[in-house]
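Asks: Got a structure for you, written out below as structure tokens; questions coming shortly.
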Amino acid sequence: MGAKFVHCAGRKGAFMARIVMLTPWFPETPDAQQGKFILDSAQALAQRGHSVLAIVAEPYRLGGARRKPDWLPAGVCWRALRYPSAPRYVARGLTQWFCERLLAPQVAHMAQTFGADLLHGHNERLAAVAIRAGRAAQAPVVATWHGVETHPRMQRSKAQAFVGRVQHGVDRAVVVGDALRRHYPALAQRPDGAHTVHNGFRPVDAAAVSRAPWSDPWRVVSVSNLQPGKGIDVTLRALAQLRNLPDWQGDWRYDVIGDGPQRRSLEALSHSLGLAQRVRFHGRLKHDQLAVWLGQAHLFCLPSQPEAFGIAYLEAMSAGCLALGVAGEGPSAFIVHGQSGVLAQEPSPDLVAAHLQELRAHPSTAQQIALAGQERVLSEFTWARHAERLESLYAQLLRACDPQSASLAGKSL
């Protein structure tokens, strides 16, 4: 162990670390969307000279364990662990007990064998495992919160107390967007607070863009898991208000990409609002297929609340879509209302409809906003920038844990 602090041209105080990522998410195929952000983060760190071991921890499932991927990028290793789990948040405390007791010793052994300098857990369940394993492996622990658990069982005092204990127990707490801070009051009580490290995104290939002129009937798109709070129902109701206005005549269309527990009810809502001929539900798509739809769309509409950050918005904006989100939520990190996108004050059909109509009535202004948003996200929110920020956080932590390394690093600069 012991991260190597080295001098690299253009990278003051750069170092090479061995990082164990403990995560419940990871893609099962090279083109799978689910969990791709974890692989992208690991790959971006590996491209900066770090070594990453991704340990994917999941409940036992039908069909057996995952197959070891043979397509991992250079610098990224992979292991899989499983644990018993009760479904649908039932007996969550018991599941957590099994998870920590069974996984922590294995993770600690893997970390020691790997020569880990630090452990990085993703979500509170595996952050708790990382804390136990880190103590055994004598390695500091970072944890990232990517969103908010909306299940009613997670709002109970016992569940909230568990989350608070984990957030106090890690050496560094990270959120992917500032909007998450208000949902986790325990983070404000940490001496160092919470650190914001935005996720990156994979830009849409310019070759996939085949958008019709902004004066033509618009193509509106949403990309999301179809679950409560994502705002697909809000968008449907807003479009229902607009469909008979002069600016919304012609062959406009709304494409919904994604799947989830609300799909059937949203399809039924579309029919009941008289939008069946305008709205299409496409299910989950591969990234190259998604790029085609984003490349045709004028407006990305997702009035989602809560929204931790919003990679889907970034991907849409990189394709030249004008993005609409909710003020105070994750997209506020990269959307300045009226300049690089549009932010509704709340996820209300009336407000969203008003914004859509204003934009549709002024297509040249809408196009200018979309272009400004595209330029901003392509320059500021890449995976390379994500890795730079994460690397800085790791370096500060490891220097705090090992003053001798900090002293040697200072002399080498």
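Asks: How do 19, 257, 232 line up, fewest other C-beta atoms within 10 Å first? Numbers along the way, then the final one.
Replies: Working: 19 26, 257 21, 232 30.
Sorted ascending by nearby Cβ count, the order is 257, 19, 232.
Asks: Could you list, bin by bin from short to long, the percent of Cα-Cα pairs of the stretch 258-413 in 10 Å steps?
Replies: 10, 29, 31, 14, 10, 5, 1, 0
Asks: Could I ask something else about it? Within the chain, what percent of beta bridges assigned by DSSP are antiparallel, to the nearest 5? List each step's numbers first, then the result.
Replies: Working: 4 of 50 bridges.
Expressed as a percentage, antiparallel bridges in the chain total about 10.
Asks: Please label the shape of the stretch 24-138 as rounded, prolate or oblate, based on the square roots a ≥ b ≥ c of the eigenvalues of the alpha-carbon gyration tensor (a/c under 1.5 means rounded; beyond that, a/b larger than b/c means prolate, else oblate). Mind dumping the intermediate values first?
Replies: Details: a/c = 1.99, a/b = 1.23, b/c = 1.62.
Note, shape of the stretch 24-138 comes out oblate.
Asks: Also, I was wondering about something else. For residue 323, what residues show an amide H to amide H distance below 5 Å, using hydrogens built from the backbone and excluding near sequence neighbours?
Replies: Correct list: 300, 342.
Asks: Per residue of the chain, what 222 nm ellipticity follows from adding -39500 (n - 2.57) for every DSSP H run with n ≥ 4, rounded to the nearest 500?
Replies: Working: 13 runs with 165 residues, N = 413.
Computed ellipticity for the chain at 222 nm equals -12500 deg cm²/dmol.
Asks: When 60, 184, 254, 89 are ordered from fewest to most other Cβ atoms inside 10 Å of their Cβ, what list results?
Replies: Working: 60 10, 184 19, 254 22, 89 15.
Ranking 60, 184, 254, 89 by Cβ neighbours within 10 Å, fewest first, gives 60, 89, 184, 254.
Asks: Among 378, 299, 118, which one moves the most in a GNM of the chain with springs linking Cα atoms closer than 10 Å?
Replies: 378
Asks: Tally Lys/Arg at +1 and Asp/Glu at -1 over every other residue whose Cβ is under 13 Å from the Cβ of residue 135; what's the total?
Replies: Numbers: positive: 132; negative: 100, 171.
Within the 13 Å Cβ shell, the charges total -1.
Asks: Antiparallel versus total DSSP beta bridges in the stretch 230-350: what percent is that, nearest 5? Provide the component values of the computation, followed by the final result.
Replies: Working: 1 of 12 bridges.
Given both bridge residues lie in the stretch 230-350, the antiparallel proportion sits at roughly 10 percent.
Asks: Ranked by Cβ crowding within 10 angstrom, fewest neighbours first, how are 178, 288, 233, 117 ordered?
Replies: Values: 178 17, 288 11, 233 20, 117 26.
Ranked by crowding around the Cβ, least crowded first: 288, 178, 233, 117.
Asks: If you add up the charges near residue 333, with Lys and Arg at +1 and Asp and Glu at -1, over every other residue whose beta carbon is less than 13 angstrom from its beta carbon, what do you get? Working shown, then result.
Replies: Numbers: positive: 181, 376, 385, 389; negative: 178, 307, 329, 380.
Net local charge, residue 333 excluded: 0.
Asks: Lysine pairs in the chain with alpha-carbon atoms under 27 Å apart, 8 or more places apart or on different chains: how many are there?
Replies: Lysine pairs meeting both conditions in the chain amount to 9.
Asks: Lys and Arg at +1, Asp and Glu at -1: add these up for the other residues within a Cβ distance under 14 Å of residue 252 and post the number. It would help to have the intermediate numbers written out before the result.
Replies: Values: positive: 211, 219, 243, 253, 278, 280, 360; negative: 216, 247, 251, 255.
Spelling it out: positives minus negatives among the neighbours equals +3.
Asks: Next question, about the same structure. Hey, could you grab the Kirkwood Rh for the chain? Inverse mean 1/r over distinct alpha carbon pairs, Å, one decimal.
Replies: Working: mean 1/r = 0.0441 Å⁻¹.
Hydrodynamic radius (Kirkwood, Cα pairs) of the chain is 22.7 Å.
Asks: Moving on to the next point. In whole Hz, what ³J(HN,Hα) sequence does the stretch 92-107 give by Karplus (6.51, -1.76, 1.60; θ = phi - 60°), x for Gly and Pro?
Replies: Whole-Hz 3J(HN,Hα) from phi for the stretch 92-107: 4, x, 5, 4, 5, 4, 4, 4, 5, 5, 7, 8, 4, x, 5, 5.
Bear in mind these aren't lab numbers, they're just calculated from the coordinates by the rules spelled out. Here the structure is a predicted model, which means the values were calculated and not measured. Cβ: placed from backbone, ideal geometry, glycine included. Neighbour counts: every protein chain shown.
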